[in-house]
1. Can you work out the Karplus-derived ³J(HN,Hα) for every residue in the range 157-162? Use 6.51 cos²θ - 1.76 cosθ + 1.60 with θ = phi - 60°, whole Hz, and x for glycine or proline.
2. Would you calculate the separation in nanometres between label points at Asp139 and Glu51, each defined as 7 Å from the Cα along the Cα-to-beta-carbon direction?
3. Find out how many positive minus negative residues lie around Pro3, taking Lys and Arg as positive, Asp and Glu as negative, among other residues whose Cβ is under 12 Å from that of Pro3.
4. Can you pull the one-decimal nm distance between simple spin-label points at Thr96 and Glu131, each 7 Å off the Cα toward Cβ?
5. Within a Cβ distance under 9 Å of Ala145, other residues only, what is the Lys/Arg minus Asp/Glu net charge?
6. May I ask for the net charge around Tyr133, where only other residues with Cβ less than 13 Å from the Cβ of Tyr133 are counted and Lys, Arg are +1 while Asp, Glu are -1?
7. Pop a pseudo-label 7 angstrom from the Cα along the beta-carbon direction at both Arg149 and Asp73 and give the gap in nm to one decimal.
8. Per residue of the range 108-117, what does 6.51 cos²θ - 1.76 cosθ + 1.60 with θ = phi - 60° give for ³J(HN,Hα)? Whole Hz please, x for Gly and Pro, Karplus curve as stated.
Amino acid sequence: MTPVIALVGRPNVGKSTLFNRLTRTRDALVADFPGLTRDRKYGQANLAGREFIVVDTGGINGDEEGIDAKMADQSLLAIEEADAVLFLVDARAGLTVADQAIAQHLRKQEKKVFLVANKTDGLDGDVAVAEFYALALGDIYQIAASQGRGTNILIEEALAHV
Ligand code: GDP
Ligand code: MG
């Protein structure tokens with residue numbers, strides 16, 4: 001089975017930028033992957049010859065009716081069907097209430113979750129990401145999706161756990 005990696009996080013953290021970089025905008029034919037529905041955006045990708053499927057999601061807002069309601073959308077389904085979840089946060093914007101709500105949900109999952117601080121370009125990464133350790137999701141992968149910085153190491157790590 002081709003491993004499935006889902007990109008989740010609040011809007012504007014860079015999920016689609018990462019999706020496009022990983023897939024180079026080659027959208028997968030959903031029909032090639034039985035069991036996956038069309039509600040989310042799937043892309044086919046490979047790193048060093050290893051094939052995987054990336055799932056982009058619309059994002060989860062933190063100011064709606066509670067995390068369960070918010071998560072009862074495509075993002076929740078994307079998490080369910082994924083072998084690994086990349087949870088993106090914005091290193092420039094800093095930690096938000098939405099990030100905390102998403103993290104709380106993810107901590108309850110059995111799923112392998114990678115906490116990814118995006119937009120670290122031009123920042124002192126270690127300083128910028130320090131506050132995200134409060135999300136209690138372990139290591140933080142620093143990337144700049146728009147430049148492809150840190151993305152290969154992240155994907156190698158994710159593929160090693162699926
Ligand atoms: P999404 O809503 O999570 O899918 O976020 P998008 O991929 O649409 O990106 C939101 C904004 O963040 C866009 O203006 C991107 O150009 C910008 N962005 C994405 N990745 C990076 C990055 O690594 N560095 C910087 N500086 N901006 C980024
Ligand atoms: Mg997007």
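1. So the J values, rounded to whole Hz, are 5, 5, 5, 6, 10, 10.
2. 2.7 nm
3. Residues close to Pro3 contribute a combined charge of -1.
4. For the pair Thr96/Glu131, the computed spacing is 1.2 nm.
5. Values: positive: Lys15, Arg21, Lys119, Arg149; negative: none.
Summing Lys/Arg as +1 and Asp/Glu as -1 gives +4.
6. It works out to a net charge of -4.
7. 3.1 nm
8. 7, 7, 7, 4, 6, 10, 10, 8, 10, 8
Read-outs throughout are calculated quantities, based only on the coordinates presented, and are distinct from any laboratory measurement. The model shown is predicted, which means the values in this text are computed figures rather than measured ones. Note that each Cβ is placed from the backbone with ideal geometry, even for glycine, and that neighbours are counted across all protein chains shown.
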